[in-house]
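In what follows, a structure is listed as structure tokens, so that the remarks can point back to it.
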Amino acid sequence: MALWDEEGSGYGDGYGEEGGPIIEQTSSSLSHYEIMTLARLLATGLGVTGEEEEPYLLQVKNSLSAIKDIMEQSHNASEAIRAEAQTVLEAHAESAQEYIQQVEQPNPPDFHPFVSMPEGTTVRDLPDGGRIFTLADGVLVRVNADGSLVSISQDGTAVTLEPASGGIVTLPDSRELTLKPEAIRVTHEAAGIEGLPLDIDPVQTAQGRYRVELPGGYRLDVSHDERTAVVGNPAGTVNILAIVRIEGVGEDIQVRLVPGGAKGFTAAESGHKGIIEADGTIHLSMVNGLDLVIHFPENAGTGDEYGNDDVAPVICEERE
């Protein structure tokens, strides 16, 4: 904005003195005064004077303001790019630090289905879904896809391993390995037990042997090979149930013959009762309210009460 002097000439040195235009020295723009000063210098250098000076000054001012705006936009864009680049660099630096930490402190190997293995053990996944563990002394432990375990000694001797209570696996040299709890849990169908609550899973204690902890402090052990179910009661009594053997330990069990070779039973103290079919299938009604049916595989052994195999089950019929 230019102001005219008292004589109306409109000219001065730009600082309010006679002989030049009086130029406003304050503005809402921080650079307004500087731009006008540059414009007047350009006009003086080009010899623009008189009436042509004020329009020229306004034109130069507008041009310089536009240039200034472009430069500010470029600067702001550069700052945004710099900030973005800094963010990317920081992310890369963080990733590099995490990688270095992983290299310096690698994650422990996955020894599934075991809780842990002796120091120096290496593990390798097999194409069939199994895993093989190589202990530091060269002993191999193979976990097959079906969950069965085999130990292979340095001389090539292979021994089938069967987990004991609590998932403890004992190697031929007496070293013990512990299986994860989920590794020894099996489905109701695999254990052959029908009627269990959905939230109770059988635990495989050995090949063909299963254990179930039941409500009320009862325990059920099932052996497929022996076609036997054993009920442990809170009072300490035990009921052994099989088509070739129905026996109570600590209490009496009443047995009755049923037509077709089946047997009925009633435990005197614990109160369990049921029927065992001729093929060994056990129907067990427990005093805790559970009604279980225990099935055995068709190819399961039919050993006698002393563990001898290939003994046909005793078929009895009640005579009138």
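The values are calculated or read from the model by the stated rules, or taken from the named source; none is laboratory data. Treat the numbers as computed from the prediction; the structure is a model and nothing was measured. With ideal geometry, Cβ positions are generated from the backbone for all residues, glycine too; neighbour counts draw on all protein chains shown. Surface areas here come from the heavy atoms of the whole protein model, side chains and all, with no ligands, DNA or RNA. Shrake-Rupley method; radii C 1.70, N 1.55, O 1.52, S 1.80 Å.
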Peptides 227-238, 136-147 ordered by average Cβ neighbours within 10 Å, highest first: 227-238, 136-147
Computed over the stretch 165-263, protein heavy atoms only, probe 1.4 angstrom, the accessible area per residue in square angstrom equals 49 Å²
Please report, as a whole percent, how much of the solvent-accessible surface of the stretch 193-294 comes from carbon and sulfur atoms (probe radius 1.4 Å). 49 percent
How do 279-289, 115-125 rank on mean C-beta neighbours within 10 Å, highest first? 279-289, 115-125
What net charge is computed for the residues neighbouring residue 109, neighbours being all others with C-beta under 14 Å from the C-beta of residue 109, Lys and Arg scored +1, Asp and Glu -1? -1
Distance in nm between pseudo-label sites at residue 78 and residue 148 (7 Å out along the Cβ direction from Cα): 7.6 nm
Rounded to one decimal in nm, the spacing of the 7 Å Cα→Cβ label points at residue 268 and residue 159 is 4.4 nm
Can you give the FRET efficiency to the nearest 0.05 for residue 198 and residue 91, using r as the Cβ-Cβ distance and R₀ = 35 Å? 0.15
